[in-house]
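Could you have a look at this structure, given as structure tokens, before my questions?
Just so you know, all these numbers are worked out from the coordinates, no wet-lab data involved. Keep in mind that this is a model prediction, so the values were computed, not measured. As a convention, Cβ positions derive from the backbone with ideal geometry for all residues, glycine included, and neighbour counts pool all protein chains shown.
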């Protein structure tokens, strides 16, 4: 646990870090607690915007609480202190700290005293009533301070100016006293408890003490003391200590600037403010940095730009950046204009423009960033058109081809470094312009990044010019189709980035490598590592723009790579927190898009009832408005519209959506999502081709073949990512052209390739399309096999709405995946059935026809299992079907400890293995399971509001399963374990009828011979024999416990019956196990009966 007090005084950067940590679900077992006074927060305080975590309002004590406190303090009955407590309550308003201080004060005044004759505390009620009131804590401390010796009070005033804690040496030095005298003068304050001495420092009891002392000083006295403290710190700041002391030193100096008149000292302090501001900026404490820069500029004389040009330039430029980073855009622009007007050379103005580009881009002002860059380059003689023409592209492309004939790829790394300052600035401006045109100005981005590469190939390298070789990489691969060459050139850029170690260029290079280059020749999962590097370098460089774009792809790519939807939903949640922290528009838009997508696929939409994937809700959702401001996000919106409509079978709507994508191709070209567009557009054409009118067929045939050729080319360079897509499109083409045998083989190849490379959703899609194909041939039995594979594939992926659609469309073919008791007739099934949780209806169970018969048949089937592991697994599978659970666990007792014996989940396969101790198993609510094992009570809740005492369980808090049931397992009334089930998606699922049926089935399996043999003998230390004698006899207490075990009592009931703690009961049980040489209650009772102990 990490506890931080007085957050109301924390700087914005620290609060931002605290908020980030509080909302980070990946930190594991860390509890963050922060305390603050809400009456000290104004409307704009950063804490007002903090939405993470749980807020608890610590209210004043009530009258009865004060009475309890006073009674316990004086060790008397509450009735004896009622009048005193009432009086103290009125004086302190129930403030606990105020109450304790007031009690101490009236004790020192002799109004409360200990009477040795009566051996009890006494108080003078009337005198306490008549003493003058202190209306708040501050007045109370002022009263206590005024009772101190004058010299002590004077010393404490110095201490209050130093801070909440201080060293005796520092206090002695600034006050002009010796160390011994200082310690002597502080003693009265220590005696009154106003200051506390630690190992090497002294600190005030509470910040109110410091406030009270500070309020006793006039403004002039405060400034004088802060100035003296600042000068003392400056005297200590020799050598390496300056970096350590510069921040507190300047905090004191900046509170006393009006007292500093010497020109030389003012200039020196301006320099120290520059140093302090840069130190704060490095720590991302932008508000603090701004304060230092503002103080620094205020110290400059009117002729500073003439006499102290370099200092004035640096301070104003740093302040402009800090103003912009803290949201003061107008002030920042005024300062940038001032710096540009005062700069002496065009190169300096260009350096200012370079900063403006990255800062404007970071706050989403892309138009300003682009115009700033173009104008700065124009002043240096480099023409960049805002709206490039084909001629502009042709010129740069010709230069690219010329340079590629001139240089081998390996020789590019060895080009000389640029030494000319003008060329270095131009290279940096071009690189900056590349980053801000990436999403909002794709046409211009293509020209600029190619131009950057041409400039580097002609003039040589700088720390930023390596970005230009990305232009070469993109041109060679994405534009000209030579993907291996594109990868080679990308490696050149990475090598140069690593050589220079420049985070600003490295963040761009790794982003492009992972987002635009890698997946055309390497498995797409490898690109994620590049993107993680882009984020890391972006953090180091403070490049919020690239960080946000990298997070977009770290969100988008795992989806298309087949990440299970439940896991992907958690990823969306994490990226949403990051988007809000970065205030990155493109990331915010993509989070909204994929959040809605997952919601539709999982069938989570409010009012959404299967069957079917309701793609129409996509356009009704309002996410288009969120994506409206960003071209790349809007392109993704239309691609997902195409995708959802295709999956839902709305092929005409899918083709309409595809037409809208082409307007945004410049923003998505080269990204993995562009390949998904080609793939699903071609699939939609194939699905709807025979419904198209003749003229439209000719056009769409050309588009289909164009996309097929492109996907085939990609598959030739990277089969891991694209082979299954090509095989599936080729299968659809063969289907349309009547090449039946060829289509059969191609569908299988597509499904197999998707499975081998982890594209689970595309494997399910290939099986679904194969099933439709075989149905068109009248081969229902073959179609059923593929359809069942598609059903299970979508279910494992987590696309429950798609599963529901298959059930609705092919109910007769999917009958075998529906459990016994289901008639297969009637209307649409509820969403839990679409999820693969197919159970008889509750009404059938109530009538005694459905579930009970199902349970009996299931128990009879389980009895035929010869292996206990398979029997337990069958029990879980059947119980999960009855309940509609997607997870089930058997937890068994061994040695009075709990072990996870068998686990089963619908959405992923779990490896078989040995039993795992419950305490080592992270994915279960241990408090629930231990409670059921201890009390033998069934726990069930259908929604979060019912968690009650279990709300603190770490698993429930993190994963929030929607429906949960945990029940004890009994054999002849004796507990031997616990069964736990949950549905992580649907609330209100586990009905009373279903639960009773599972309990019945659980009681039946306990009488199966294999289960009895397992319970009686598994893990037994010695064979059970009637003539066994105990090496050590059971004590009378142990016999009592054993009899209660045989009666079926839980640990809690045994403890209550025998008036002992639960831990004592467990100790007795362990002793019984050891003496009987068993490890289960069932074994203990059986062996005791054999030995005639019971």
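Could you compute how fast the range 522-562 diffuses translationally, taking Rh as the Kirkwood radius over C-alpha pairs and applying Stokes-Einstein at 37 °C with viscosity 0.692 mPa s? Give it in µm² per second.
318
Whole angstrom only: what separates the Cα centroid of the range 152-173 from the Cα centroid of the range 658-689?
Value for the Cα centre distance between the two parts: 71 Å.
Shape verdict for the range 284-323, please, from the Cα gyration tensor: rounded (a/c under 1.5), prolate (a/b greater than b/c) or oblate.
Prolate shape, in that a/c is at least 1.5 and a/b is the bigger ratio.
Once you place label points 7 Å from the Cα toward the Cβ at residue 97 and residue 736, how far apart are they in nm?
With each label point 7 Å from Cα toward Cβ, the separation is 7.5 nm.
Follow-up question, since we're still on this one. Working out 0.36 nm times the residue gap between residue 347 and residue 972, then minus their Cα-Cα distance, what length gain in nm do you get to one decimal?
216.0 nm
Can you pull the one-decimal nm distance between simple spin-label points at residue 379 and residue 64, each 7 Å off the Cα toward Cβ?
Each label point is offset 7 Å from its Cα along the Cβ direction, giving 7.4 nm.
Rounded to two decimals, what is Rg over Rh for the range 244-344 when you use alpha-carbon atoms and the Kirkwood radius?
0.95
Would you mind estimating how fast the range 137-217 diffuses translationally, via Stokes-Einstein at 37 °C and 0.692 mPa s with the Kirkwood radius over Cα pairs, in µm²/s?
My calculation gives 268 µm²/s for D.
Once every DSSP H run of n ≥ 4 in the chain is given -39500 (n - 2.57) and the sum is divided by its residues, what mean residue ellipticity at 222 nm do you get, rounded to the nearest 500 deg cm²/dmol?
Calculated mean residue ellipticity at 222 nm is -19500 deg cm²/dmol.
Under the classification rounded if a/c is under 1.5, otherwise prolate if a/b is larger than b/c and oblate if not, where does the range 662-711 fall, given a ≥ b ≥ c as square roots of the Cα gyration tensor eigenvalues?
Prolate, because a/c is 1.5 or more and a/b exceeds b/c.
Output the relative contact order of the chain, whole-number percent, from Cα pairs under 8 angstrom with separation of 6+ residues.
Dividing the mean separation by the residue count of the chain yields 5 percent.
In the P(r) worked out for the range 63-133, what percent of Cα pairs fall beyond 16 Å?
44
Given contacts defined as C-alpha pairs under 8 Å and at least six residues apart, what's the relative contact order of the range 244-344, whole-number percent?
About 22 percent, as a whole number.
Now for a different question. Once the principal axes of the Cα atoms of the range 540-682 are found, what is the range along each, listed largest first in whole angstroms?
For the range 540-682, the Cα extents along the three principal axes come out at 48, 32, 27 Å.
While we're here: Set the Förster radius R0 to 56 Å, insert the Cβ-Cβ distance between residue 386 and residue 958 as r into 1/(1 + (r/R0)^6), and round the FRET efficiency to 0.05.
The value I calculate is 0.70.
Binning at 5 Å from 0, report for the range 338-438 what percent of all alpha-carbon pair distances ends up in each bin.
P(r) for the range 338-438, in whole percents per bin: 2, 11, 18, 19, 19, 15, 10, 4, 1, 0.
Below 8 Å between Cα atoms, with a sequence gap of 6+, how large is the relative contact order for the range 137-217 in percent?
40
Which of the peptides 118-127, 635-644, 664-673, 334-343 is most tightly packed, and how do the rest follow, going by the mean number of other Cβ atoms within 10 Å of each residue?
635-644, 664-673, 334-343, 118-127
Kirkwood hydrodynamic radius for the range 756-816: how many Å is it when counted over pairs of different Cα atoms?
One decimal place: 11.4 Å for the Kirkwood radius.
Jot down the radius of gyration and Dmax of the range 434-592, Cα atoms only, both in angstrom.
15.3, 51
Using the 2.2 N^0.38 Å rule of thumb for compact globular proteins, work out how the chain stacks up: its C-alpha Rg over that value, please.
Its radius of gyration relative to the 2.2 N^0.38 Å reference: 1.19.
Still on this structure: How big is the range 905-984 in terms of Cα radius of gyration and Dmax, in angstroms?
Using the Cα atoms of the range 905-984, the pair Rg, Dmax is 13.1, 37 Å.
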